[in-house]
Amino acid sequence: MAGPTVALFATCVNDTMFPGTPDAVRRLLERLGCTVVFPRQQTCCGQMFTNTGYFDEAVPSVRTFVEAFDTFDYVVGPSGSCVGAVRHQHPMLARHAGDAGLERAVGELTPRVYDLSEFIVDVLGTVDVGAWFPHPVTYHPTCHSLRVAKVGDRPLRLLRAVEGIELRELPDAEQCCGFGGTFSLKNPDVSIAMATDKADHVVSTGAEFVVAGDNACLLNIGGVLGRRGDRARTIHLADVLVSTREQPTTASATTAGRAR
Amino acid sequence: MTTTNLGMPTRVRLTPAPPEGALIDSPPFPQAAIRELGKDTQRANLRHATHTIRTKRQRVVAELDHWQDLRSAGEAVKNRVARHLDTWLVQLEENLTRAGSTVHWARDAEEANRIIIDLIRATGSDEVVKVKSMATQEIDLNEALEEAGIAAWETDLAELIVQLGHDRPSHILVPAIHRNRTEVRDIFLEEMGRYGTPPPEGLDDDPGRLANAARAHLRDKFLRAKVAVSGANFAVAETGSLVVVESEGNGRMCLTLPQTLISVVGIEKVVPTFADLEVFLQLLPRSSTAERMNPYTTIWTGPTPGDGPQDVHVVLVDNGRTRALADPSGRAALRCIRCSACLNICPVFEKVGGHAYGSVYPGPIGAILNPQLRGVESAVDRSLPFASTLCGACDDVCPVKIPISDILVQQRHRIVEAKKAEAGRKPHLEPVLMKGGGWLMGDARRLALMQRAANVFGLVGGRTIGRIGNWPVPGLSRWLRARNVPMPPTASFRAQFDKTRGGQR
Ligand code: SF4
């Protein structure tokens, strides 16, 4: 059975800093029968600009996004935040640009943009991706996955189906980790206080890994864990789901693997 | 009594002096936040209080199957109000007048305060008892009255704690949320006797005994006062009725005992019909105190001969509200019913408390409302929309579905535009950086070039140090002083994909 062709939206942070994650998405989706392509014009969702108040500066990102992806039926990204920004903010930015053509293109494209967990559960119609990850983990739902992309419990359903995994509940799971993009630089003290709470909660579970659908949040949480020398590491959902007995994901391959 | 000396003849104050300086001159949020983060007791108090109320709210909201419908109804009523505010206000004025209330219009805080002072002076009284009211906090009525030689006594327990503590409210609903009961006891012992009935000997920090001390202290003020000042949670256009929702009964005392009642009401508080209250009297208590129903709801429609206040005044205040209404991207903030659910759920508020926001409206609602009501000229108002991670927790709890995160982003845009307009006159680095970033992301080839530079750094750094630690890089040390960052990889994803797959398109 030939699966659908998927355009991989790597996101600029993953593309630049965490190439292992989009690569895990590629391998995972290919294992599930999809054809994965990487449209080369893609750059960024622009939310770094939008959320700092720089709408004009975000518009080029909207244009490159449309150019890169408008011919595909399925655009899949491993980030609730970036996918959420595309779906929720690109229409507003296109309107801001006063470009009716862009607005129309954005309107047609955004319903075809999926977070990885949505694509697997809703489009491929499965929660068991044949993964094996024999570790105690805890799941941080990340604010934008939860409240902007609204992925719901899809990531948890995918994790529960992973063979060998032990899922531990994260206290105050839905509380923000304090990253908030440029918030972490504009209000570093508050951001650090929040990240410290999140790291403490992760540590309190005794889990080996904290899993999330967003590497930016994991960069923040993992930054504190790494600095403090805590045992817990961060790992992207895609890196868990791609792991099999034959090709297990190792701690050194994960985001925090490089931050300690 | 304390005295203030501002280089003028020393004047004896009638009421406890709040901290010096105007709120609008507060330091920007990031600086104020650092100051507040350093207060360990306050942090513990805030953490405990916000988590307790959050859990309770969640529980009572979950009881109602139609909670989301109620929110939508609240949103719809308030949108209807905003769409035809002029119509409702004229209708409200007519019906207030018909019921025997006297209506006054105030463009701003100064005008409102002047009207109220004149009304009180006309009664010959030199003191008032007050029902907890955000509108009077907003216009800084107490200090205006103090200067006019009129003593304003707060009668809400938490407002009393704040007033006696020479403090400022740090929360819309629980103004003394930053205090614990030991601190309250100390404040009562120190200050109460100076302004009326003293606390009983040997007062301890038992909540019941503290409340009794406050009750005794307030009792003679209630019985003595000839004038009360209140706000209103709702003003019903159809009937000319005002509504005050409260928990302690102090409001009921103020609203029924004195001869003269002056209510200060923001013009957005109007609701079209009496039936609309059905929606809000369900939304408000569950969202604010996490109660199914609040203990006291007082509704009055003008004076009733021989019963309660005979001289009833309503001051309708604009103070920036029509300016907010004029902005399509921000006007939804006027739907706010001041329940404070957004404060309680906010992880940033939990850390810093209300004093970091330089306004009587702190937390998420303050971050979107202040720049609209006060403008974006002051340093603090320019910083407030950035005092959020955009986590969206507030959006989910707001009983009138204000899209707080979206408005935060729109207000950030407004401030950025103001900064850009100052280009050449004031040095702003950020717009330059953002412009460069926008240019970089406008073309994948530019991004790829930047990535190659990062890869070289990662190649060298990866061999020598492995990760980026506490490096004193200007700007970046804000991140790095508590958080490691991995070295960039030796190849970006796009470069790897090229190698493995030959690229696409
Ligand atoms: S913005 Fe919404 S949640 Fe916040 S105080 Fe106002 S009504 Fe309540």
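The values are calculated or read from the model by the stated rules, or taken from the named source; none is laboratory data. Not measured: the values here are computed from a predicted model. A quick note on method: Cβ atoms are made from the backbone with ideal geometry, for glycine too, and the neighbour counts reach across all protein chains shown. Each accessible area value is taken on the protein alone, full model and side chains, heavy atoms only, with ligands, DNA and RNA left out. Shrake-Rupley method; radii C 1.70, N 1.55, O 1.52, S 1.80 Å.
Listed here are the residues, each with its yes/no results for (1) of a type in the set (S, T, N, Q); (2) more than 8 Å from chain A (Cβ to nearest Cβ); (3) within 16 Å of the ligand (Cβ to nearest atom).
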{"position": "B:L408", "(1), (2), (3)": "no, yes, yes"}
{"position": "B:E430", "(1), (2), (3)": "no, no, no"}
{"position": "B:K435", "(1), (2), (3)": "no, no, no"}
{"position": "B:G438", "(1), (2), (3)": "no, no, no"}
{"position": "B:G442", "(1), (2), (3)": "no, no, no"}
{"position": "B:R445", "(1), (2), (3)": "no, yes, no"}
{"position": "B:F457", "(1), (2), (3)": "no, yes, no"}
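Of the helices (runs of 4 or more DSSP H) entirely within region B:365-447, those holding at least 2 residues that are at pLDDT below 95 occupy B:404-421, B:430-440. Within the option set B:E268, B:E248, being outside any loop (DSSP other than H, G, I, E, B) and among the acidic types (D, E) holds for one residue only, B:E268.
Within the set B:I150, B:I172, the sole residue that is touching a strand residue (DSSP E or B) at 6+ places or on another chain (Cβ under 8 Å) and either within 24 Å of B:V315 (Cα to Cα) or open to solvent by 50 Å² or more (accessible area, probe 1.4 Å) (or both) turns out to be B:I150. If you go through region B:363-376 and keep only what is within 13 Å of the ligand (Cβ to nearest atom) and of a type outside the set (G, A, S), you end up with B:P364, B:I365, B:I368, B:L369, B:N370, B:Q372. Evaluation of B:P328 against the conditions (1) touching a residue at least 24 places away in the same chain (Cβ under 8 Å); (2) in a loop (DSSP other than H, G, I, E, B); (3) within 14 Å of another protein chain (Cβ to nearest Cβ) shows that the sole unmet condition is (1).
For region B:307-320, the count of residues that are open to solvent by 20 Å² or more (accessible area, probe 1.4 Å), away from chain A (no Cβ under 14 Å), in contact (Cβ under 8 Å) with a residue 24 or more places away in the chain and within 16 Å of the ligand (Cβ to nearest atom) is zero. Here is the figure for region B:424-446: residues that are open to solvent by 70 Å² or more (accessible area, probe 1.4 Å) and farther than 13 Å from A:D56 by Cβ total 9.
B:T301: open to solvent by 10 Å² or more (accessible area, probe 1.4 Å), away from the ligand (no atom under 16 Å from the Cβ) and of a type in the set (V, I, T), yes or no? Yes: the conditions hold for B:T301.
The residue list B:A387, B:A379 contains one member that is more than 22 Å from B:Q58 (Cβ to Cβ), surrounded by fewer than 21 Cβ atoms within 10 Å (Cβ to Cβ), more than 13 Å from the ligand (Cβ to nearest atom) and aliphatic (A, V, I, L, M), which is B:A379. One residue stands out in region B:286-298 among those that are closer than 23 Å to B:K130 by Cα and within 16 Å of the ligand (Cβ to nearest atom): the one that is most open to solvent (accessible area, probe 1.4 Å), namely B:T289. Consider region B:337-356 and keep the residues that are more than 9 Å from the ligand (Cβ to nearest atom) and more than 12 Å from chain A (Cβ to nearest Cβ). The one that is least open to solvent (accessible area, probe 1.4 Å) is B:G354. Suppose the filter is in contact with a strand residue (DSSP E or B) (Cβ under 6 Å, 6 or more places away or on another chain) and surrounded by fewer than 16 Cβ atoms within 10 Å (Cβ to Cβ); does A:E208 pass it? So A:E208 does not fit the description; no. Of all residues in region B:390-403, those satisfying the criterion of being among the aliphatic types (A, V, I, L, M) and near the ligand (Cβ under 10 Å from one of its atoms) are B:V397, B:V400, B:I402. A single member of A:G213, A:G257 is within 14 Å of chain B (Cβ to nearest Cβ) and either touching a helix residue (DSSP H, G or I) at 6+ places or on another chain (Cβ under 9 Å) or at pLDDT below 95 (or both), and it is A:G257.
Taking region B:447-464 as the range and being open to solvent by less than 40 Å² (accessible area, probe 1.4 Å) and among the polar types (S, T, N, Q) as the test, the residues that pass are B:Q451, B:N455. For region A:214-235, the tally of residues that are closer than 18 Å to A:H144 by Cα and open to solvent by 10 Å² or more (accessible area, probe 1.4 Å) stands at 3. If you check B:L283, B:L334 for being of a type outside the set (D, E, K, R), within 16 Å of the ligand (Cβ to nearest atom) and either in contact with a strand residue (DSSP E or B) (Cβ under 6 Å, 6 or more places away or on another chain) or open to solvent by less than 10 Å² (accessible area, probe 1.4 Å) (or both), only one passes: B:L283.
From the list B:N233, B:N250, the lone residue that is out of contact with any Pro (no Cβ under 9 Å at 6 or more places or on another chain) and within 16 Å of the ligand (Cβ to nearest atom) is B:N233.
Yes/no matrix, rows are residues, columns are (1) among the hydrophobic types (A, V, I, L, M, F, W, C); (2) buried (at least 16 other Cβ atoms within 10 Å of the Cβ); (3) within 13 Å of another protein chain (Cβ to nearest Cβ):
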residue	(1), (2), (3)
A:R157	no, no, no
A:A161	yes, no, no
A:I165	yes, yes, no
A:L170	yes, yes, no
A:G178	no, yes, yes
A:S191	no, yes, yes
A:M194	yes, yes, yes
A:K198	no, yes, yes
A:H201	no, yes, yes
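Evaluating B:V360 against the criteria (1) more than 13 Å from the ligand (Cβ to nearest atom); (2) at pLDDT 95 or above leaves one unmet condition, (1). So, in region B:460-490, of the ones that are in contact (Cβ under 8 Å) with a residue 24 or more places away in the chain and more than 7 Å from chain A (Cβ to nearest Cβ), which residue ends up farthest from A:P78 (Cα to Cα)? Step by step, filter region B:460-490, then rank; the result is B:G461.
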